[in-house]
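Below is one structure, written out as C-alpha cells; comments come after it.
The values are calculated or read from the model by the stated rules, or taken from the named source; none is laboratory data. Worth saying up front: this structure is predicted, and the values here are computed from it rather than measured. Glycine also receives a Cβ, built like all others from the backbone with ideal geometry; neighbour counts cover every protein chain displayed.
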Amino acid sequence: MNLYNYLCGNVPGGISLLIVFLVVGWFIIWFVYHYTSLMDRRHLYRWMFAVTLLSIFIYGALWIFWKPPPRKKRIAIVPQNGYSTGKVHWRDYAFQFLVYYNLIKQLPDQQWFVYPPEGLYRV
C-alpha cells in the first residue's frame, strides 16, 4: 500500500478533501486581510495557522472514523515432489486444488487472499 492510498483511507474525497479545506480557508482569510481592515499581518498568520490546525484535525477525525482497510494476508500453495524434469505429478496438483478450495471456504475474505492454483503456473 503506498503512502497516498494510506493517507486517503476510506475518507470520501481522500487527501484532496484536506487540500480543498486548506485552500478555501486560506483564501477566505487572505481575502479578509487584503480587502478589509479587520486584521493586520500578525492576525493573518495566527488565523492561517488556526485554519491549518483545524483542517488537519477535522481530516484526522474523518480518517480515524473511516480507517483504511487492513492488508490481507496472502497464501500460495505450491506442493512439489522433488525436482521433476518432465514427469507430471498429478497428485501434487490435485492436492493443491483440494487445499485451495478448502481454504477459500474456511478463511474469511476480509483477512485472507488465497492465490488460485492456475494463476501460479501461468507466471
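Being surrounded by 10 or more Cβ atoms within 10 Å (Cβ to Cβ), in a helix (DSSP H, G or I), modelled with pLDDT under 80 and aromatic (Phe, Trp, Tyr) narrows it down to one of 93, 101, so name that one.
93
Mind checking which residues of segment 45-76 are under 20 Å from residue 10 (Cα atoms) and part of a loop (DSSP other than H, G, I, E, B)?
Result: 66, 67, 68, 69, 70, 71, 72.
For segment 36-60, give me each residue that is aliphatic (A, V, I, L, M) and either surrounded by fewer than 10 Cβ atoms within 10 Å (Cβ to Cβ) or assigned by TED's automatic domain parsing to the domain that holds residue 101 (or both).
Passing the criteria: only 38.
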